[in-house]
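A short worksheet on the structure shown next.
Coordinate-derived values only; no laboratory data. Model, not experiment: these values are computed from the prediction. Because the Cβ atoms are built from the backbone with ideal geometry, glycine has one as well, and the counts that use them run over all protein chains shown.
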Amino acid sequence: MFSDGEIGYRILRTLRPPKGDGGIVSTVDFGLPYSSTLRSLLGPAWEEELRGRTVIDFGCGQGRGSVEMAQHGAGRVIGIDIREDRLTMAEQLARDAGVQDLCVFASKTETTADLVISIDAFEHFDDPGGILRLVRDMMRPGGRFVVSFGPTWYHPYGGHFFSIFPWSHLMFSEHSQIRWRAEFKDDGATRFTEVQGGLNLMTIAWFERLVAESGLTIERLRLVPIRKFRWFHNRWTREFTTALVECLLLKTRSEN
């Protein structure tokens with residue numbers, strides 16, 4: 001890692017002069033389909049798993065995934081997000097799609113669900129362990145939690161906006177990278193976790209430890225390799241060669 005001081009900061013400014021807004025935007029906001037993830041983890045009968053059920057879309061963004069699940073037969077979809085502007089957009093999207101009677105958007109809910117979905121959000125949560133416990137409480141006994149996220153921290157572009165070239169976010173200190181970002185983003189962020197969208201440095205191993213501590217059980221874990229590294233993807237290289245983490249978690253019926 002380069003120095004915390006001037007060296008790393010000046011290298012960053014030379015490699016990429018400050019520009020842009022320095023935020024981290026979830027791909028949920030770009031309308032990536034949920035269907036592929038649900039099919040991957042729930043199987044070809046994934047629509048039957050949705051049909052008539054109450055589903056929570058945790059970190060719903062602009063609501064595209066929530067609307068998609070309503071269109072595929074979910075009985076009720078509750079989209080949860082902490083950003084009020086996203087909730088407003090989601091409500092409008094549901095009206096435009098004619099599924100407003102099936103979708104509810106809010107910052108929190110007391111409703112428990114058969115199925116909870118989190119797509120492309122887990123690497124952004126400030127307290128991921130707390131989120132797992134919160135989601136567990138939202139699940140009915142026997143309920144399932146579908147999680148899909150990436151890239152993780154050791155991916156070549158695991159620093160998201162900070163990865164100006166492969167693995168650069170690992171070569172420069174957090175201090176140097178935040179100082180560089182502060183030249184064009186004045187939100188006062190001093191840590192990766194404080195930038196817009198947040199970045200918690202999630203790794204596969206850490207995710208597995210958090211799940212083990214949460215009281216949830218892994219029913220299926222699928223690590224999708226980076227295509228050009230697929231021949232080198234194994235248990236020893238997975239942190240550096242995994243493109244996407246897909247996981248199906250179960251709340252056993254003995255859980256309170």
**Prompt:** Efficiency by 1/(1 + (r/R0)^6): what FRET value for THR111 and ILE7, r their Cβ-Cβ distance, R0 = 41 Å, to the nearest 0.05?
**Reply:** 0.20
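Of all alpha-carbon pairs in the stretch 122-168, indicate the percentage at a distance above 15 angstrom. Before the final figure, lay out the partial values.
On the way: 601 of 1081 pairs.
So the pairs more than 15 Å apart make up 56 percent of the total in the stretch 122-168.
Grab the Cα-Cα distance for GLN196 and PHE184, subtract it from 0.36 nm times how many residues apart they are, and report the gain in nm with one decimal. Don't skip to the answer; put the middle values down first.
Numbers: separation 12, 0.36 × 12 = 4.32 nm, distance 1.31 nm.
Length gained between GLN196 and PHE184: 3.0 nm.
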**Prompt:** Which residues' amide hydrogens lie under 5 Å from the amide hydrogen of MET139, considering only partners 5 or more residues apart or on another chain, with H built in the peptide plane?
**Reply:** ALA113
**Request:** Give the long-range amide H neighbours of GLU219: residues separated by 5 or more places, or on another chain, with amide H under 5 Å away, using H modelled in the peptide plane at 1.01 Å from N.
**Result:** LEU248, LEU249, LEU250
**Fill in**
In the list [x] 48, 41, 33; [y] 56, 36, 35; [z] 58, 41, 34, the entry giving Cα extents along the principal axes in Å computed from the coordinates is [z]
**Amide hydrogen neighbours beyond the local backbone of VAL55, cut-off 5 Å, H modeled** = ARG76, VAL77, ILE78
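Mean separation of Cα pairs under 8 Å and 6+ residues apart, divided by the residue count of the chain: what relative contact order is that in percent? Walk me through the intermediate numbers first.
Working: 505 pairs, mean separation 56.3, N = 256.
So the answer I get is 22 percent.
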**Message:** For the chain, give me the percentage of DSSP beta bridges that are antiparallel, rounded to the nearest 5 percent.
**Reply:** 45 percent
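Work out, step by step, the length gained on full extension between GLN71 and TRP167: first 0.36 nm times the residue separation, then minus their alpha carbon distance; give nm to one decimal. Intermediate results must be reported in sequence, preceding the final value.
Numbers: separation 96, 0.36 × 96 = 34.56 nm, distance 3.93 nm.
Full extension of this stretch gives 30.6 nm more.
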**Asked** What FRET efficiency would be calculated for the residue pair ALA212, LEU15, taking the C-beta separation as r and a Förster radius of 35 Å, to the nearest 0.05?
**Response** 0.35
**Asked** What is the log10 of I(q)/I(0) for the stretch 160-234, computed with the Debye formula using one identical point scatterer on each Cα and no solvent, at q = 0.20, 0.24 Å⁻¹?
**Response** -0.99, -1.11
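Helix-only mean residue ellipticity at 222 nm, the chain, DSSP H runs n ≥ 4 weighted -39,500 (n - 2.57), per residue, nearest 500. What is it?
On the way: 10 runs with 83 residues, N = 256.
Dividing the helical sum by the residues of the chain leaves -9000 deg cm²/dmol.
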**Segment ASP127-ARG227, extension gain: residue separation times 0.36 nm, minus the distance between their alpha carbons** = 33.0 nm
**Request:** With θ set to phi - 60°, apply the Karplus curve 6.51 cos²θ - 1.76 cosθ + 1.60 along the stretch 148-157 and write out the HN-Hα couplings as whole Hz, x wherever there is a Gly or Pro.
**Result:** 9, 7, x, x, 7, 4, 8, 4, x, 10
**Item:** Cα-based helix-to-principal-axis angle, 204-214 vs the chain, degrees rounded to 10
**Value:** 40 degrees
**Message:** Tell me the angle of helix 128-138 to the major Cα principal axis of the chain, expressed in degrees between 0 and 90 and rounded to the nearest ten.
**Reply:** 10 degrees
**Message:** Roughly how far apart, in whole Å, are the Cα centres of the stretch 193-256 and the stretch 49-104?
**Reply:** 25 Å
